[in-house]
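The values are calculated or read from the model by the stated rules, or taken from the named source; none is laboratory data. Source: prediction; values computed, not measured. For neighbour counting, all protein chains shown are included, and Cβ atoms are generated from backbone atoms with ideal geometry for every residue, glycine included. Protein only, heavy atoms only, side chains kept; ligands, DNA and RNA dropped before computing areas. Shrake-Rupley method; radii C 1.70, N 1.55, O 1.52, S 1.80 Å.
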Amino acid sequence: MSPAVIPPLAPDAPVILEMSHISKGFGAVTALVDVSIKLRQGEVLALVGDNGAGKSTLIKILSGYHQPDTGTIVSKGKQVHFNSPRDARAIGIETVYQDLALIGDLSIYHNMFMGREYHKRVLGLKLLDNKKMRDLAEVHLKTLGISIPSVNSTVDLLSGGQRQCVAVARSIYASPTILILDEPLAALGVRESAHVLGLIQSLRQQRNVSIILIVHNYNQIFEVCDRINFLHSGEIVLDAATSETSEEELIRIVKSGLGRNAVAAESAETEPGQA
Amino acid sequence: MVLATKPHPPATIGATTRRVGVKTPDSIYEKVLVILSRYREASIAVVAIILVIYFQFGSNGEFLTSQFLSVVLRDTGRLGLIAVAEVMLMITGEIDLSVSSTFSLAPYIMVLLSIDLGVPLAIGALIGVVLGVLVGVLNGIITVRFRVPSLITTVGTLFLLQGIVVWIDDSQPIVAPVEEPFNAIFGQSLYGPSDSLFSWHAITAFTPFLWTVLAVAALALVLSRTTFGLHTIATGSNIVGAREIGVRTDRIKVYNFMIAGGFAAFAGIINTAQFSSADPQAGSPFLTLQAIAAAVIGGTSLLGGSGTAIGSLIGAFVVATLNNGLVMVGAQATVSDIYLGIAILLAMILNVQVNRLRARRRI
Ligand SMILES: Nc1ncnc2c1ncn2[C@@H]1O[C@H](COP(=O)(O)OP(=O)(O)O)[C@@H](O)[C@H]1O
Ligand SMILES: [Mg+2]
């Protein structure tokens, strides 16, 4: 799993998504200020920042859950408007939310197919094809190497880690073009984290899906991500390829609470004084 | 470094030594709770059977006569129709307290249309049901758009509609016209002692109950076998998560308010067909509360996310049996309320205990 096995993203990989000048407030709270991000084909983009920086709000705008106050989203060259998560899912944007968006009272397989249920006609009635969904869910989870007791059991019987795995499995079921993962490793143990990271790594290797990944652990970021966008108080303060930055620089920026240029300027200013 | 470049991490995840859902209950108390929660409808059916046996002996065999059963089943039908509609709403986490006023309004309009304008009862009934559905739209829109809790919204529409129906004709009950086959289909009068069991009259005496069975079966199917049912459960179980994954939770709620309104209107129309009378006060809020009690006793949680249509019908039967049976064995009519109250409290305690148990066994 060393990063060396995956070649860097081709420099000419096309931009498949652009969010430009996105702002969003909740009443008196300003969550995002003029945020712009670019995502290229096959890229794994890390979105980092403190709690409350606006990461979840940004990805919820992309997933169609929130509507931005200002700003535009351009997907594959066309401007898009998402009135609901259905719209985003319809064009291949899948999301694992921080709260996982699983329905505790429903079975694992119903959760897997929530919003894209299979039907069959019985006496002219459009009924759920539960058998088909059950079988497909079972195969899908097995393929991913996710072990759960039974796809029939309700989600509220699962452990936190198992739930997270089910949510991740659901998000990649329909082969999305853009995959958003909001802290997908939060409830996972070491082994499970490694597994999900391995999954991301293999998706990255194929370069078919572009991923926006929110994680806090810098090791994990440098292991699987091509690019880092740093969000601070609702603004992007750093946008750099992982190969061009380092943990040290990130930590410096976190501490200063300012952008890369500001940090560089600041240290240029202080140096003569120290000398 | 060969190991480090191994492309695939451990083969499976989530496989802990303790498998989820297979954990055995610790105490007898927990075992009983697990059984009760797993066989919700069955356990309330057992209660119903015990009650029937008790009243059958207590009344020297008069409970299980077609004469008396037709009364119990009539009440079960009326209550069950409203209870099952409340089940759908309660699963979404909402409630409708205005159903009793719709129960009075719809048949009143039907009868007025018939008497004043000569509109056939069947057409009037259709208009009445549409009216009930529109009341549901009103309740739903106020609840989801203006974010008024449905408990308050529907108390408002309860008084509003009750006021309107009483005001229309100065709270006068009207004798409803009888039209065949409308009255035969929707039930005209009760089984008389002189009726043969296979007479036309005997069969029509049970039609209101049969309509309810049909409606309950339909909603049970909707709940467990359709996308709408799935999304109804999702809405009540985790509304934020349901929205995140693309469930139109507002619409789902409005549709379920519409079902409740339509069913309440239908129940009122059947009631009027049975008694050939349209009373502006036919539905009292007490009827609504009894229907909610039936739903709760039948295993539907007031907290949203789970409920059973069939359970609510059995719950309605238990309530109707208590109401009529106690009177028959010589208790005062009001005593049945004591039993009903205890039954509701026990059912709610059970619901909450089962939920807590599930939460505890989760991790
Ligand atoms: N639905 C909401 N209503 C009001 N405020 C919100 C809502 N969602 C997020 N916020 C606020 O927006 C800011 C950014 O939150 P969030 O995007 O969740 O941050 P992060 O995911 O980076 O921790 C916080 O101040 C948070 O309190
Ligand atoms: Mg967040």
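Name the residues of segment B:148-166 whose amide N is less than 14 Å from a point 7 angstrom out from the Cα of B:Ile115 along the C-beta direction? Under 14 Å, as judged by backbone N against the label point of B:Ile115, lie B:166 of segment B:148-166. Within straight-line reach of A:Lys120, meaning a Cα separation under 12 Å, sit the following aspartates and glutamates at least 8 residues removed in sequence or on another chain: A:Asp129. Taken across both chains, chains B and A shield about 3800 Å² of accessible surface from a 1.4 Å probe.
Modelled spin labels at B:Arg356 and A:Tyr118, positioned 7 Å past Cα toward Cβ, are 4.1 nm from each other. Distance from the alpha carbon centroid of segment A:177-206 to that of segment A:7-49 works out to 19 angstrom. Note on B:Ile50 and A:Asn219: their simple-model spin labels are 5.8 nm apart, each label 7 Å out from Cα toward Cβ. Residues of segment A:48-84 that bury at least 20 Å² of accessible area once all protein chains are present, compared with their chain alone (1.4 Å probe, heavy atoms only, ligands and nucleic acids left out), are A:Tyr65.
Shape class for segment B:240-363, computed from the alpha carbon gyration tensor (a ≥ b ≥ c): oblate, with a/c not under 1.5 and a/b at or below b/c.
In plain terms, if you count all Cα to Cα distances in chain B and split them into 10 Å steps from zero, the share in each step is 5, 22, 30, 23, 11, 5, 2, 1, 1, 0 percent. When you count the other C-beta atoms within 10 angstrom of each residue and take the mean per peptide, B:151-159, B:246-254 line up highest first as B:246-254, B:151-159.
Averaged over the residues of A:98-108, the number of partner chain Cβ atoms lying within 10 Å of the residue Cβ comes to 6.
Taking amide H as placed 1.01 Å from N in the peptide plane, A:Val96 has its amide H under 5 Å from the amide H of A:Ile180, A:Leu181, A:Asp182, each at least 5 places away in sequence or on another chain. When you count the other C-beta atoms within 10 angstrom of each residue and take the mean per peptide, B:95-104, B:227-236, A:246-255 line up highest first as B:95-104, B:227-236, A:246-255.
Probe radius 1.4 Å, ligands and nucleic acids ignored: give me the carbon and sulfur share of the accessible area of segment A:155-230 as a rounded percent. For segment A:155-230, the apolar C and S fraction of the accessible surface comes to 51 percent.
For A:Gln205 and A:Glu235, the difference between the fully extended length at 0.36 nm per residue and the C-alpha to C-alpha distance is 7.8 nm. In this structure the amide hydrogen of A:His232, modeled in the peptide plane, comes within under 5 Å of the amide hydrogens of A:Val237, none closer than 5 places in sequence on its chain.
For chain B, what does the relative contact order come out to in percent, with C-alpha contacts under 8 Å and a separation of six or more? Over chain B, the number comes to 32 percent.
The P(r) of chain A has a tail past 26 Å containing 46 percent of all C-alpha pairs. Take each peptide in B:315-323, A:107-115, B:46-54, A:90-98, count the other Cβ atoms within 10 Å of every residue, and average; sorted highest first, the result is B:315-323, A:107-115, A:90-98, B:46-54. Mean per-residue shielding of peptide B:101-107 is 0, counting Cβ atoms of other chains within 10 Å of each Cβ. The distance linking segment B:30-78 with segment B:79-98 is 21 Å (Cα centroid to Cα centroid, whole angstrom). Treating each Cα of segment A:47-127 as one equal point scatterer and applying the Debye formula with no solvent, the log10 of I(q)/I(0) at q = 0.23 Å⁻¹ comes out as -1.16. Here the 3J(HN,Hα) profile of segment B:337-345, calculated from phi with Karplus coefficients 6.51, -1.76 and 1.60 at θ = phi - 60°, is 5, 4, 5, 4, x, 5, 4, 5, 4 Hz, Gly and Pro shown as x. Expressed as a whole percent, the proportion of Cα-Cα pairs in the protein assembly as shown lying more than 42 Å apart is 39%. Strictly over 22 Å apart at the Cα level, which of A:Lys60/A:Lys132; A:Lys24/B:Lys253; A:Lys24/A:Lys55 would you flag in this model? Beyond 22 Å: A:Lys60/A:Lys132; A:Lys24/B:Lys253.
Taking square-rooted eigenvalues a ≥ b ≥ c of the alpha carbon gyration tensor, is segment B:46-131 rounded, prolate or oblate, where a/c under 1.5 means rounded and, failing that, a/b exceeding b/c means prolate? Because a/c hits 1.5 or more and a/b fails to exceed b/c, segment B:46-131 counts as oblate.
Work out the P(r) tail for segment B:132-181: percent of alpha carbon pairs separated by more than 19 Å, whole number. Summing the P(r) tail past 19 Å for segment B:132-181 gives 45 percent.
For the segment B:233-242, counting C-beta atoms of other chains within 10 Å of every residue's C-beta and taking the mean gives 6. Surface composition of segment B:59-110: carbon plus sulfur atoms hold 53% of the accessible area, using a 1.4 angstrom probe and ignoring ligands, DNA and RNA. In order along segment A:162-174, phi translates into HN-Hα couplings of 5, 4, 4, 5, 5, 5, 5, 4, 4, 5, 9, 4, 8 Hz, rounded to whole numbers, per the Karplus curve 6.51 cos²θ - 1.76 cosθ + 1.60 with θ = phi - 60° and x for Gly and Pro.
For B:Ser277, the residues whose amide H sits under 5 Å from its own are B:Ala176, ignoring neighbours fewer than 5 places away on the same chain, with H placed 1.01 Å from N. Post the alpha-carbon centroid distance, segment B:122-179 to segment B:230-246, in whole angstrom. Measuring centre to centre over Cα atoms gives 28 Å. Ordering A:Gly52, A:Ala88, A:Gly25 by Cα displacement along the dipole of segment A:1-89 toward the positive end leaves A:Ala88 in first place; charges were set at the Cβ atoms of Lys, Arg (+1) and Asp, Glu (-1). Per atom type, segment A:1-113 shows carbon and sulfur on 54% of its accessible surface, probed at 1.4 Å. Assign one of three labels to segment B:200-281, namely rounded, prolate or oblate, based on the Cα gyration tensor with a ≥ b ≥ c the square roots of its eigenvalues; rounded applies when a/c is under 1.5, prolate when it is not and a/b is larger than b/c, and oblate otherwise. Taking the square roots of the gyration eigenvalues as a ≥ b ≥ c, segment B:200-281 is oblate. Per residue, the accessible area of chain A comes to 43 Å² when a 1.4 Å probe rolls over the protein heavy atoms. 3J(HN,Hα) couplings calculated from phi for segment B:225-237 with the Karplus curve 6.51 cos²θ - 1.76 cosθ + 1.60 (θ = phi - 60°) are, in sequence order, 10, 10, 4, 4, x, 4, 6, 5, 5, 4, 4, x, 7 Hz; Gly and Pro show x.
Ligands, DNA and RNA are left out, and with a 1.4 angstrom probe the accessible area of segment B:249-363 is 38 Å² per residue. Based on C-alpha pairs under 8 angstrom that are at least 6 apart in sequence, chain A has a relative contact order of 25 percent. Relative to the compact-globule estimate of 2.2 N^0.38 Å, the Cα radius of gyration of segment A:113-172 comes out at 1.24. Think of each Lys and Arg Cβ as +1 and each Asp and Glu Cβ as -1; about the Cα centre, that makes the dipole of segment A:91-155 roughly 380 debye.
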